[in-house]
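The values are calculated or read from the model by the stated rules, or taken from the named source; none is laboratory data. Source: prediction; values computed, not measured. Cβ placement follows ideal geometry from the backbone for every residue including glycine, while neighbour counts extend to all protein chains displayed. Just the protein is used for accessible areas: all its heavy atoms, side chains included, with ligands, DNA and RNA removed. Shrake-Rupley method; radii C 1.70, N 1.55, O 1.52, S 1.80 Å.
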Amino acid sequence: MKEKVGLWVVGATGGVGSTAALGLAACARGPVDHAGLVTALPDFDGVGLVALRDIVFGGHEIRTESLAAAVQALHDQSGAFDDKLITKCLPDLRRMQRNIRPGTLSGSGPTVRALCDRSDVPDDKTPAAAIERLAADIRDFHKRNKVARVVVIHAASSEPQPQGRIPKGKNSDALSASLRRRTGCPLPASSLYAAAAIEAGCSYVNFTPALGMNVPALRARATAAGLPFMGSDGKTGETLVKSVLAPMFAMRHLPVMSWVGQNILGNRDGAVLNDAATRAAKIRSKDRTVKSLVGGEADTRVSIDFVPSLNDWKIAWDFVHFRGFLDTKMSLQFTWQGADSILAAPLLLDLARLAELEHRRGHAGVMRHLAFFFKDPMDVKELNLFAQWQAMLAHVKRESR
Ligand SMILES: NC(=O)c1ccc[n+]([C@@H]2O[C@H](COP(=O)([O-])OP(=O)(O)OC[C@H]3O[C@@H](n4cnc5c(N)ncnc54)[C@H](O)[C@@H]3O)[C@@H](O)[C@H]2O)c1
């Protein structure tokens, strides 16, 4: 495939966004180690994915930190990447920086507003005006870079669960009318970005626990427009391990009595999750896997604490208390220590390639086959990682034969 494809990241210069940008630059410049990239496995040979060197990066941001400064900070504070790689890719990061546009604060709470230091983030008069401006940025990126299609990936800061009522109706006219009002925005920022992706004719992926596309009227509008979408909340660490271990307990009939997970992390995402309402939305998403796979009786608990000195490192300690034959109690404990952005960024590239393929093949609606990548997959009950893996491969290979 010779066409170029756009990857538009909301939260472009965050840890995940900037690492994905560096990854694209590194892949375009020469042979690199593809560890962590699922779509680089031989299982995906011949399915027709866009080459990584043909992906053009752009996005929305509310902070002034550049891509180059963001990857340098990850290197300095967390020991990520070789500094020679950063130096080699600097011209590419600077070129990508020109594709980054000011985002919106419409629908954002005080925690995110406090992050914003860009003076050019406009005070959008209505949510509808914000959607139109954001969509125009994406259309302009599409045209200027002569890409065939654009995938929008939401990787902005986590949001609290929306306080007000989420519009339940599928009628997008009623939703549009409420978005034209100056006050009482019914949607969080993540959903305004999802609406902009629809207006700009893009496939859409929500890598965060935010609401995003999961609003009936937006889902209906995206499907009617022939656009595929999926979310939510990338599965990169503790939950990934849980999605492998929990089915084992179920299959071996070892009832889990309690599963307690304690997470500590130190990056900006950790600082945002330090806000109680935002943390509650993340915990709800993280808790779904064990609850669903080992049954409702297990006492499951997840906690997240912000420990600034850890920077991009996240540590999870899990304690699983289970019962064996003749009611003998036993336990399993594990420790996961991962570099958050390094785990997440290749998945953004995988999701961009797979969403673009789905769009190119003419499929619209929820991309259930991508459940493998998410903690809280839309419209999918199966949370066993191996079952999700097989469903994904079967789906992508079906049309490549
Ligand atoms: N790293 C992981 O392993 C992982 C796993 C699953 C989900 N996530 C989610 O991915 C998201 C990004 O994680 P991160 O570590 O890169 O966080 P980060 O804080 O480094 O990056 C988020 C970026 O979003 C920007 N942003 C915030 N509000 C915005 C808005 N309204 N418009 C445009 N940009 C906005 C911020 O300025 C920041 O640059 C978070 O929501 C996180 O919960 C991360």
**Message:** I want to confirm something. Restricting to segment 180-193 and keeping residues that are among the hydrophobic types (A, V, I, L, M, F, W, C) and farther than 14 Å from GLU132 by Cβ, which single residue is surrounded by the most Cβ atoms within 10 Å (Cβ to Cβ)?
**Reply:** ALA189
**Prompt:** In the set VAL241, VAL260, which member is touching a strand residue (DSSP E or B) at 6+ places or on another chain (Cβ under 8 Å), part of a helix (DSSP H, G or I) and surrounded by fewer than 20 Cβ atoms within 10 Å (Cβ to Cβ)?
**Reply:** VAL241
**Complete:** Taking first residues from segment 268-281 that are free of Cβ contacts under 8 Å to residues at least 60 places away in the same chain and over 15 Å from PRO162 (Cβ atoms) and second residues anywhere that are open to solvent by 10 Å² or more (accessible area, probe 1.4 Å) and within 8 Å of the ligand (Cβ to nearest atom), the pairs with Cβ under 8 Å that are 6 or more apart or on different chains are GLY270/LYS314
**Complete:** The residue from ALA130, ALA148 that alone is at pLDDT 95 or above and within 10 Å of the ligand (Cβ to nearest atom) is ALA130
**Request:** Would you check which residues across segment 36-70 are open to solvent by 10 Å² or more (accessible area, probe 1.4 Å), within 19 Å of VAL10 (Cα to Cα), among the hydrophobic types (A, V, I, L, M, F, W, C) and within 16 Å of the ligand (Cβ to nearest atom) and list them?
**Result:** ILE62, ALA68, ALA69
**Asked** Within segment 12-35, which residues are near the ligand (Cβ under 8 Å from one of its atoms), within 14 Å of PHE207 (Cα to Cα) and either touching a strand residue (DSSP E or B) at 6+ places or on another chain (Cβ under 6 Å) or open to solvent by less than 10 Å² (accessible area, probe 1.4 Å) (or both)?
**Response** ALA12, GLY17
**Message:** Kindly evaluate ILE304 against the criterion of being within 16 Å of the ligand (Cβ to nearest atom), of a type outside the set (S, T, N, Q) and in contact with a strand residue (DSSP E or B) (Cβ under 6 Å, 6 or more places away or on another chain).
**Reply:** yes
**Message:** I'm checking my understanding of the structure. Among residues of segment 176-206 that are touching a helix residue (DSSP H, G or I) at 6+ places or on another chain (Cβ under 6 Å) and assigned to a loop (DSSP other than H, G, I, E, B), which one is nearest to the ligand (Cβ to nearest atom)?
**Reply:** CYS185
**Asked** Looking at segment 92-113, is at least one residue of a type in the set (Asp, Glu), under 30 Å from ALA148 (Cβ atoms) and within 12 Å of the ligand (Cβ to nearest atom)?
**Response** no
**Fill in**
Exactly one of VAL150, VAL112 is on the phi < 0 side of the Ramachandran plot, crowded, with 19+ Cβ neighbours inside 10 Å and not in a helix (DSSP H, G or I), and that one is VAL150
**Message:** Would you confirm, using the coordinates I've provided, whether ARG368 is open to solvent by 60 Å² or more (accessible area, probe 1.4 Å) and either under 28 Å from ASN214 (Cβ atoms) or in contact with an Asp or Glu (Cβ under 7 Å, 6 or more places away or on another chain) (or both)?
**Reply:** yes
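Return the only residue of SER331, SER341 being polar (S, T, N, Q) and within 17 Å of the chain's Cα centre (by Cα).
One residue alone meets the criteria, SER341.
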**Request:** Select, from GLU399, GLU382, the only residue that is touching a helix residue (DSSP H, G or I) at 6+ places or on another chain (Cβ under 7 Å) and open to solvent by 50 Å² or more (accessible area, probe 1.4 Å).
**Result:** GLU382
**Message:** Yes or no: segment 246-260 includes at least one residue that is within 16 Å of the ligand (Cβ to nearest atom) and out of contact with any Pro (no Cβ under 6 Å at 6 or more places or on another chain).
**Reply:** no
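With the structure loaded, tell me whether ILE86 is away from the ligand (no atom under 14 Å from the Cβ) and open to solvent by less than 20 Å² (accessible area, probe 1.4 Å) or whether it fails that test.
Taking the combined requirement at face value, the residue satisfies it.
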